[in-house]
Amino acid sequence: MAFLNGIDSVRAVEWGRTYLWDIQFQDPTIPSPFNTWFPAKEVEEELAKLNSHTFTSGISTYKIPQNTETLNVKITFYDNSDYDLLNWLENWINTISLNGGFYVATLSTAAKFLQIIKMDNERNTIDTSSYWVYPEGTLTYMGNSESGAITYSMNFVIVG
């Protein structure tokens, strides 16, 4: 007996869409108009990580759950012609988090509040994830000779 009874079973499901989400940083230093909405193009939200422990018994190798790791959010976003978000992120990293190279800030100073919402087809909120995050990695300006929109990508570590 088959598990799928026919194409009507597939058609009966209201499938999710990849564009039904939104994000917002709640930070008083983020420039307007991005203090009310964030121009994200893509978001990758790590929801769970599970590492395994490998061991050998006899002539076989086995794996069992062992531990987890820090979760991350990767955001690819657009910027305006004044590079407001590039400057905001550079300030967050170099001034707020690193105090101009003099010391590393505490998490309560370096982390900012991020919300990610997932929506249904009528744009009603299905789920909201709220995190304290800080940027990790390299922030790089990249120009080219094409006339496309300015985009950047940044990884954020979830710390709370």
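Is it the case that some residue within the range 141-156 is on the phi > 0 side of the Ramachandran plot and more than 13 Å from the chain's Cα centre (by Cα)? No. If you take the residues in the range 128-159 that are in contact with a helix residue (DSSP H, G or I) (Cβ under 7 Å, 6 or more places away or on another chain) and in a loop (DSSP other than H, G, I, E, B), which one is nearest to residue 83 (Cα to Cα)? Residue satisfying both the conditions and the ranking: 141. When you look at residue 66, is it part of a strand (DSSP E or B) and surrounded by 17 or more Cβ atoms within 10 Å (Cβ to Cβ), yes or no? For residue 66, the condition - part of a strand (DSSP E or B) and surrounded by 17 or more Cβ atoms within 10 Å (Cβ to Cβ) - is not met. Checking each residue in the range 133-154 for being crowded, with 16+ Cβ neighbours inside 10 Å and not aliphatic (A, V, I, L, M) picks out 134, 135, 152. For the range 32-71, residues that are among the polar types (S, T, N, Q), touching a Lys or Arg at 6+ places or on another chain (Cβ under 6 Å) and at pLDDT 95 or above total 2. Filtering the range 7-49 to residues that are of a type in the set (A, V, I, L, M, F, W, C) and surrounded by 10 or more Cβ atoms within 10 Å (Cβ to Cβ) leaves 10, 20, 21, 23, 25, 30, 34, 37, 38, 40, 43. Is at least one residue of the range 85-94 out of contact with any Cys (no Cβ under 8 Å at 6 or more places or on another chain), assigned to a loop (DSSP other than H, G, I, E, B) and surrounded by 13 or more Cβ atoms within 10 Å (Cβ to Cβ)? Checked the range 85-94: no residue is out of contact with any Cys (no Cβ under 8 Å at 6 or more places or on another chain), assigned to a loop (DSSP other than H, G, I, E, B) and surrounded by 13 or more Cβ atoms within 10 Å (Cβ to Cβ).
Just one residue in the set 60, 81, 52, 130 is under 13 Å from the mean Cα position of the chain (by Cα), hydroxyl-bearing (Ser, Thr, Tyr) and either exposed (fewer than 14 other Cβ atoms within 10 Å of the Cβ) or on the phi > 0 side of the Ramachandran plot (or both); that residue is 130. Just to be sure I understand the filter: pairs with C-beta atoms under 8 Å, separated by 6 or more residues or on different chains, first member in the range 1-23 and without any contact (Cβ under 8 Å) to a residue 24 or more places away in the chain and farther than 30 Å from residue 35 by Cβ, second member hydrophobic (A, V, I, L, M, F, W, C) and exposed (fewer than 10 other Cβ atoms within 10 Å of the Cβ). Which pairs pass? Matching pairs, first to second residue: 10/4.
Among the residues making up the range 1-44, those that are in a strand (DSSP E or B) and either aliphatic (A, V, I, L, M) or in contact with a Cys (Cβ under 8 Å, 6 or more places away or on another chain) (or both) are 23, 40, 43. Residues of the range 68-94 that are in contact with a strand residue (DSSP E or B) (Cβ under 9 Å, 6 or more places away or on another chain), of a type in the set (Ser, Thr, Tyr) and either touching a residue at least 60 places away in the same chain (Cβ under 8 Å) or closer than 17 Å to residue 140 by Cβ (or both): 70, 76, 78. The residues in the range 102-125 that are assigned to a strand (DSSP E or B) and free of Cβ contacts under 8 Å to residues at least 40 places away in the same chain can be counted, and the count is 1.
The values are calculated or read from the model by the stated rules, or taken from the named source; none is laboratory data. As the structure is a prediction and not an experimental result, all values here were calculated from the model. Note: ideal-geometry Cβ built from the backbone for every residue, glycine included; neighbour counts use all protein chains shown.
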